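Laboratory data are not the source of any read-out in this text; all were calculated from the coordinates shown. None of these values were measured; they are calculated from a predicted model. Heads up, the Cβs are rebuilt from the backbone with ideal geometry, glycines too, and the neighbour counts pull from every protein chain shown.
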Amino acid sequence: MTWKEKLLQSALEGSRRDLSRLLTMIEKGEELAMSKGEENHDYMILGITGPPGVGKSTLVGRIISYWKDRGKKVAVLAIDPSSPRTGGALLGDRVRMDSANSGEGVFVRSLSTRGNPGGISASLMAMSKLLASCGWEKIIIETVGSGQSEIKIVAFADKIVLVDGPDRGDIIQAEKAGIIELADLVVVNKSDVPSALKVAENIRSAFSFSNENDSPEVLLVSAERNDGIEEMMQLIQSSESPLWRSRIKIRERLLSLWDHRLMSSPMLNQVIDDIETGSISLEDGLDILSGWKNE
Amino acid sequence: MKIVMAKPGLDGHDRGAKVIARALRDGGHEVVYTGLRRTPEEISRIVMDEDATALGLSTLSGAHDVLVPRICELLRESGMGHVMVFLGGIIPERDHGKMFLEGVRAIFGPGSKTEDILAFLEKSESRIEKNLPIGVFNDDGWHWN
Ligand code: B12
Ligand SMILES: Nc1nc2c(ncn2[C@@H]2O[C@H](COP(=O)(O)OP(=O)(O)OP(=O)(O)O)[C@@H](O)[C@H]2O)c(=O)[nH]1
Ligand SMILES: [Mg+2]
């Protein structure tokens with residue numbers, strides 16, 4: 001057995017320390033050879049996304065407690081952007097998740113967007129899969145984004161909750177970009193702030209203009225006051241993704257893997273050099289990169 | 001470097017920890033801030049889940065002499081003896097020797113300069129590259145100040 005295989009076996013047998021080390025390896029772009037049948041129990045990947053500061057982490061804290069109280073093992077991957085200039089990052093999501101510290105049945109990993117040679121989306125897919133194989137039943141992924149984000153949460157989440165807050169209305173922007181139809185539920189947080197009502201109304205009326213009768217529900221909650229959380233969890237669990245969305249999901253997965261393959265090609269720097277000097281065209285470069293396969 | 005910045009115990013002074021967390025980020029590090037009032041057990045688990053290379057502890061309340069040894073012990077017990085621990089806040093001079101014996105590699109009091117802290121982290125990184133001990137387990141007695 002190689003060292004990596006030993007680590008994997010130990011993680012599958014429940015070693016938290018080794019699971020954590022494997023997540024770091026995935027983050028650094030390594031691939032784990034996991035056989036298909038290893039996720040032999042029910043699990044769910046829940047994506048929580050929305051603009052900065054709307055209360056996603058506070059909400060995740062509530063969701064952790066909800067599932068933990070029902071005996072579920074909950075893992076969280078919380079992603080914050082890293083500075084493109086220095087590569088540094090301040091990962092502060094844990095601060096808002098008190099329940100993150102509540103014991104053996106909760107695992108929280110903070111991640112920055114850098115250091116993922118193959119793009120964070122592909123890493124997140126692999127990490128979720130590993131967590132599921134190690135017996136984590138509920139996997140929550142928190143990402144910042146309101147549509148323009150390069151993190152394609154649709155690619156790996158089974159359910160997606162879009163969070164907005166008072167005085168934001170960013171979701172209206174997302175609606176224009178056609179992202180919103182991918183959400184299973186829209187949550188307007190901070191219902192304790194009066195202007196949240198208005199935001200919820202605006203979003204609802206924006207939906208009423210679209211012909212689809214499968215637009216997501218819009219729910220007002222207050223993560224801070226623990227208001228509306230039960231209802232939110234019931235909606236998350238009962239919402240059924242329309243069939244067309246699974247096709248979009250497969251498409252996004254393909255795109256993420258495609259990105260991953262291109263970005264982790266050992267030829268990448270050479271190809272960029274050659275394009276820069278003009279010795280090959282962009283199309284040539286793409287052909288070279290896509291011909292490479294990670295074994 | 002991936003660094004967990006933690007506030008152990010009941011100490012509510014968090015200005016310093018926040019200032020340093022930001023300064024380290026600007027210095028190119030990945031900093032996980034835990035927030036206030038974490039127990040030694042919580043801190044040790046956070047370091048494990050985050051697979052951090054280093055743990056920065058900030059204490060101003062005077063409880064470091066109990067909390068720091070406990071945290072270092074928990075790290076060693078749970079297979080994380082390779083983690084580098086450094087301290088900041090109000091740590092009286094007379095306690096420094098004891099902290100270093102626990103495996104702490106540096107102590108930064110009030111008025112510390114960011115450049116100095118970053119230089120310490122750079123030195124630590126070069127020690128890791130050279131396979132020199134840096135964690136709380138394999139102590140060769142090296143410390144920064
Ligand atoms: C501001 C302050 C407060 C504020 C805190 C606000 C906040 N959210 O942080 C308030 C008013 C709430 C407060 C309350 C109390 N305080 Co007070 N407070 C201070 C004061 C005046 C300044 C602290 C500060 O913020 N400095 C600015 C920051 C940037 O500096 P710093 O924290 O030292 O951090 C620097 C370095 O230490 C280092 N650093 C710090 N942490 C870390 C971590 C790492 C990893 C690294 C590398 C570096 C590092 O880098 C920073 C930059 O150089 C100090 C006295 C002093 N001059 O230190 C007393 C002081 C800390 N407080 C004290 C006390 C006793 C209290 C109280 C118990 C009651 C009281 N007497 O006021 C309460 C307790 C509150 C609680 N729950 O814990 C005492 C502690 C005595 C002791 N240790 O024996 C002090 C020393 C005052 C004194 N001389 O008596 N306090
Ligand atoms: N009034 C009110 N404030 C809230 C509520 N939920 C969260 N907040 C506050 O909103 C701020 C941001 O909360 P976070 O949970 O960190 O938000 P976030 O969306 O995770 O933020 P980023 O990860 O930085 O994008 C904090 O100050 C919270 O205390 C709420 O229901 N009502
Ligand atoms: Mg957050």
(request) With a ≥ b ≥ c taken as the square roots of the eigenvalues of the C-alpha gyration tensor of segment A:1-111, please select rounded if a/c is under 1.5 and otherwise prolate if a/b is larger than b/c or oblate if it is not? (result) oblate
(request) At 0.36 nm per residue, minus the direct Cα-Cα distance, what do A:H41 and A:M263 gain on full extension? Give it in nm, one decimal, please. (result) 76.7 nm
(message) Can you compute the modelled spin-label distance between B:H82 and A:T86, with each label point 7 Å from Cα toward Cβ, in nm?
(response) 2.6 nm
(request) Mind pulling the angle between the C-alpha long axis of helix A:120-133 and the longest principal axis of chain A? Nearest 10 degrees, somewhere in 0 to 90. (result) 80 degrees
(message) Please report the net charge: other residues with Cβ closer than 12 Å to the Cβ of B:M48, K and R +1, D and E -1.
(response) -3
(request) Report the relative contact order of chain A, percent, no decimals, based on alpha-carbon pairs under 8 angstrom and at least 6 residues apart. (result) 19 percent
(message) Please list, short to long, the whole-number percent of alpha-carbon pairs of chain A in consecutive 5 angstrom bins beginning at zero.
(response) 1, 5, 11, 15, 17, 16, 13, 9, 6, 4, 2, 0, 0
(message) Can you order the peptides B:23-36, A:269-282 by their average number of other Cβ atoms within 10 Å per residue, highest first?
(response) B:23-36, A:269-282
(request) Take peptide A:9-21, look around each residue's Cβ out to 10 angstrom, count Cβ atoms belonging to other protein chains, and average those counts. (result) 2
(message) Sorting check: for A:6-12, A:42-48, B:56-62, which peptide has the highest mean count of neighbouring beta carbons within 10 Å, and how do the rest follow?
(response) B:56-62, A:42-48, A:6-12
(request) Could you state, as a whole-number percent, how many of the C-alpha pairs of segment B:27-83 are farther apart than 12 Å? (result) 66 percent
(request) With a point put 7 Å past each Cα toward its Cβ, work out how far A:D158 is from A:E230 in nm, to one decimal. (result) 2.4 nm
(request) Enumerate by residue number the trypsin sites (Lys or Arg not before Pro) in segment B:89-145 meeting two conditions: DSSP loop (anything except H, G, I, E, B), and at most 13 other Cβ atoms within 10 Å of the site's Cβ. (result) B:K113, B:K130
(message) Taking beta carbons within 10 Å but only from partner chains, what does the mean come to for residues A:94-106?
(response) 3
(request) Shielding by partners for A:76-89, please: the mean number of other protein chain Cβ atoms within 10 Å of each residue's Cβ. (result) 3
(message) Give me A:S65, A:S110, B:S78 sorted ascending by neighbouring Cβ count inside 10 Å, so fewest comes first.
(response) B:S78, A:S65, A:S110
(request) Can you pull the one-decimal nm distance between simple spin-label points at A:N202 and A:K6, each 7 Å off the Cα toward Cβ? (result) 5.8 nm
(request) Kindly work out what percent of the DSSP beta bridges joining two residues of chain B are antiparallel, to the nearest 5. (result) 0 percent
(request) Between B:L101 and B:H13, take the C-beta separation as r, use R0 = 22 Å, and let me know the FRET efficiency to the nearest 0.05. (result) 0.30
